[in-house]
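What follows is calculated from the coordinates using simple rules that are stated; it is not laboratory data. As the structure is a computational prediction, the values presented were derived from the model and not from experiment. Cβ placement follows ideal geometry from the backbone for every residue including glycine, while neighbour counts extend to all protein chains displayed.
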Amino acid sequence: MLKSLCSKTLLASAIIAFSSAAVAADKVYKLKLAETWGPNFPVFGDAVKNMVKMADEMSNGRLKIRVDSSNKHKAPFGVFDLVKSGQYDLGHTASYYYKGKVPNTLYFTTMPFGMNAPEQHAWLQYGGGQDLMNQVYAEHNLVPFPGGNTGVQMGGWFRKEINSVEDLQNLKMRIPGFAGEVLAKLGATPVNIPPGELYTALERNTIDALEWVGPSLDLRMGFHKIAPYYYMGWHEPATELMFIANKKKLEKMPEDLQAILAVAMRKAAYDMFIHSYAESAKNWQTMLQEYPNIQVKTFPAEVIKALKNANDDLLKEKAAADPMAAKIIESQQQYMKQVRAYTAISEQGYLNSTEGL
């Protein structure tokens with residue numbers, strides 16, 4: 001009788017466990033994502049849409065993500081706090097926008113005179129970069145993921161030519177991240193303005209110059225109508241956007257959905273890099289053919305040298321003031337020495353040896 005009862009009890013427990021698993025497998029998890037960008041924003045917003053679609057398909061409909069653009073949540077540079085506080089479960093933004101709140105976030109977007117996109121991806125995935133980023137964000141109940149790279153960004157649109165370091169004095173320029181601090185050291189006034197307000201700020205002389213991305217997004221913004229001097233880049237050689245997730249919310253989901261979300265983010269990030277590259281190539285041809293008044297410029301050697309010196313001084317100051325900053329900076333610099341040697345004989349070597357053929 002006891003044996004029979006135990007068997008029945010075990011059977012009942014098995015049925016309950018199976019039923020619970022079936023219910024869990026059928027449960028739909030609904031997440032909210034806040035993005036820094038406006039609705040239907042090209043390339044950046046496309047990356048978010050791709051991620052949401054892939055997460056839905058791979059989870060067989062168990063993972064639904066609602067996206068609120070900046071016009072909805074009204075805080076384009078507040079995504080960090082929106083996700084940290086739990087008002088949103090996920091975010092898509094850029095790490096360096098939050099350097100005023102958490103200074104060590106700025107190193108994970110891009111650094112002046114730093115790594116290009118393949119080098120930076122290698123550092124993040126195989127050089128310890130992701131671990132360092134995790135440490136910085138863990139203190140704020142956040143889990144960070146790479147969110148798409150623009151590749152090398154252009155140096156910006158200027159109303160007037162930059163012929164010397166003196167021309168940077170009192171120049172009011174939209175430029176975020178570490179590069180803004182570098183320019184400030186040389187007498188410029190860096191400001192950060194939401195994407196949707198950039199053209200108006202330039203048109204109304206609120207700023208004298210701005211950098212945005214590159215041909216992939218700049219052409220449609222119309223900056224060339226106001227500021228004809230288009231300078232090559234130095235400040236953002238590999239601008240990585242980011243997805244962030246509320247840690248507590250993430251951990252409440254089944255492990256398979258956590259894995260699906262991570263894969264969807266990684267695939268969307270890769271797709272954005274390729275999409276950005278393709279759009280830049282296409283729009284660059286359009287600029288050359290349809291807008292001959294755009295004057296493509298390289299900053300004078302004197303200016304580049306001054307920017308590099310200011311950048312090096314700032315890195316030393318940051319490292320001396322903050323042990324975590326020192327750890328990140330050291331990691332990036334050591335990895336770049338290693339990976340750049342290979343870039344020089346592979347990518348750069350290929351371009352040099354085939355130039356002019």
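One table, with the values for the structure above:
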item	result
Under the span-like rule (Cα at least 15 Å along the axis, Kyte-Doolittle mean at least 0.0), DSSP H helices of the chain	2-26
Computed lengthening from GLU330 to VAL191, 0.36 nm per intervening residue step minus Cα-Cα distance	47.3 nm
10 Å binning of all Cα-Cα separations within segment 250-357, expressed as whole percents from 0 upward	10, 15, 32, 28, 12, 2
Distance (nanometres) between label positions extended 7 Å along Cα→Cβ at TYR291 and ASN352	3.3 nm
Size of segment 133-262 as Cα extents on the principal axes (Å, biggest first)	56, 31, 24
Under 26 Å from the Cα of LYS30 - lysines, other chains or at least 8 residues apart	LYS49, LYS53, LYS64, LYS72, LYS74, LYS84, LYS247, LYS248, LYS249, LYS252, LYS267
Peptide ranges 314-327, 119-132 listed from the most packed, as the mean C-beta count within 10 angstrom indicates	119-132, 314-327
Theoretical ellipticity at 222 nm over the chain - DSSP helices of four or more residues, -39500 (n - 2.57) apiece, nearest 500	-16500 deg cm²/dmol
Förster radius 51 Å - calculated FRET efficiency between ALA262 and SER164, Cβ distance, rounded to 0.05	0.60
Amide hydrogen neighbours beyond the local backbone of LEU142, cut-off 5 Å, H modeled	LYS247
Taking segment 84-229 and dividing mean pair separation by its residue count, relative contact order in percent (alpha carbons under 8 Å, at least six apart)	23 percent
For the chain, size of Cβ-based charge dipole, Lys and Arg +1, Asp and Glu -1, in debye	1300 debye
Largest-first ellipsoid semi-axes for segment 55-152, taking √(5λ) over the Cα gyration tensor eigenvalues, angstrom	24, 18, 14
Distance cut-off 20 Å, percentage of C-alpha pairs in segment 161-226 lying past it	27 percent
Approximate spin-label separation LYS72-LYS101, in nm, with each point projected 7 Å along Cα-to-Cβ	1.9 nm
Amide H contacts under 5 Å for LYS297, placed H, 5+ residues apart	TYR230, TYR231, MET232
